Amino acid sequence: MAPLVLRTVAETAAWAESIRRSGRRLALVPTMGYLHDGHVSLMREGRGRADVVAASIFVNPTQFGPTEDLSRYPRDMEGDLAKCASAGVEAVFAPEPSEVYPPGFQTYVEVTQVSQGQCGARRPGHFKGVATVVTKLLCLFKPHVALFGEKDYQQLQVIRALERDLNLGVEIIGMPTIREADGLAMSSRNAYLSPEGRKQALALSRGMAAAQALYRQGTREVPVLVSAVRRELEAAGLREDYVELVDATSLSPLSTVSPGQPARLLVAAFVGTTRLIDNQPIGG
Ligand code: PAF
């Protein structure tokens with residue numbers, strides 16, 4: 001069945017309240033639209049964890065820098081609603097920016113530690129925009145559970161921190177990255193890639209696989225593991241934004257991977273002008 005499309009904060013608050021009052025568990029999947037199988041996996045998981053699943057489709061202007069891709073971010077509301085319908089989503093909040101940020105809006109949420117490095121250092125203000133809109137969505141829907149992809153690993157840590165620090169009482173679920181058959185992590189931004197760029201982009205997952213192979217052979221020194229990723233990026237002609245191996249929770253850089261310490265390899269690189277990110281666990 002086609003989902004109910006909610007355009008305003010008032011109707012969304014009333015709808016969510018009616019679900020909660022009826023005693024049903026509510027799951028929320030926040031998205032920026034142009035949905036792919038990664039988003040659909042979040043929606044399906046939401047159905048398993050709650051009675052009713054809602055999604056939001058909102059290209060959030062506050063998380064884009066002035067020179068970033070806000071105006072050309074891919075959009076397909078009709079296709080997205082069809083995907084939501086087949087994933088069993090009952091309602092979709094799809095507001096105009098002025099509904100989320102009306103005149104006089106002046107309150108932002110800043111997560112001060114896990115948002116500092118990696119993408120946070122290269123995209124000033126990005127996580128402030130993410131944290132603000134996610135906080136607003138969680139406060140609006142008051143879901144029992146909210147689901148996010150691990151593809152945006154740092155974002156997931158930022159969201160876990162804000163939920164905990166602000167006592168929002170929402171269970172935050174991180175779900176594994178969904179990949180194309182050849183290893184490319186699914187992302188709405190893959191739509192920007194030319195056929196040639198699409199091939200080059202495989203260097204991210206290939207590089208991480210090379211580091212993982214070295215780790216399995218006994219390499220524990222982070223510079224050696226990181227170099228294995230860099231070699232693949234360079235060979236494919238990609239421009240590195242960063243390659244870091246960090247503590248999986250604090251995201252602090254590590255110099256060696258120790259047994260029992262969950263670590264995460266985080267990669268960001270440009271394929272032409274398209275910036276892609278990917279990550280995977282190492283050790284643990
Ligand atoms: O991951 C995304 O699509 C966005 O950053 C999110 C969490 C929906 C906030 O705008």
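Please treat every number below as a calculation from the coordinates, not as lab data. Since the structure is predicted, the reported quantities are computational estimates derived from the model, not experimental observations. Neighbour counts run over all protein chains shown; Cβ positions are idealised from the backbone, glycine included.
May I ask what percent, to the nearest 5, of DSSP beta bridges between residues of the chain are antiparallel? Write out the running numbers ahead of the final one.
Numbers: 20 of 39 bridges.
Rounded to the nearest five, the antiparallel share is 50 percent.
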Q: State which stretch of the chain is the longest one without any exposed chymotrypsin sites (Phe, Trp or Tyr not before Pro), exposure meaning a DSSP loop state and at most 13 other Cβ atoms within 10 Å.
A: 109-284
Q. Could you state the principal axis extents of the C-alpha atoms in region 4-46, from the largest down, to the nearest angstrom?
A. 31, 23, 13
Q: Could you please tell me the mean projected area of the C-alpha convex hull for region 154-284, averaged over all directions and given in square nanometres to one decimal?
A: 8.7
Q. Any idea what % of Cα-Cα pairs in region 45-193 are farther than 23 Å?
A. 40
Q: Determine, at each q value in 0.18, 0.19 (inverse angstroms), the log₁₀ of I(q)/I(0) that the Debye formula gives when each Cα of region 12-127 is one equal point scatterer.
A: -1.10, -1.16
Q) Could you give the distance between the Cα centres of region 213-279 and region 29-44, to the whole Å? A) 26
Q | Binned Cα-Cα distance frequencies in the chain - 10 Å width, integer % | A | 6, 28, 35, 22, 8, 1
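In region 1-86, which trypsin sites (Lys or Arg not before Pro) are in a loop and have at most 16 other Cβ atoms within 10 Å, using DSSP for the loop call?
Values: sites: Arg7, Arg20, Arg21, Arg24, Arg25, Arg44, Arg47, Arg49, Arg72, Arg75, Lys83; in loops: Arg7, Arg24, Arg25, Arg72, Arg75.
Answer in residue order: Arg7, Arg24, Arg25, Arg72, Arg75.
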**Q.** Label-point separation in nm, Asp247 to Arg231, each point 7 Å along Cα→Cβ
**A.** 3.0
Q) Spin-label point model (7 Å from Cα, Cβ direction): what's the Met77 to Ala10 distance in nm? A) 2.0
Q.
With every atom except the alpha carbons ignored, what do you get for Rg and Dmax of region 155-226, in angstroms?
A. 16.9, 46
Q) Using bins 5 angstrom wide from zero, how does P(r) for region 110-182 break down, in % of all Cα pairs? A) 3, 16, 27, 24, 17, 9, 4, 1, 0
Q.
If I stretch the segment between Arg179 and Met1 completely, what's the gain in nm (0.36 nm per residue apart, minus their alpha carbon distance), one decimal?
A. 61.3 nm
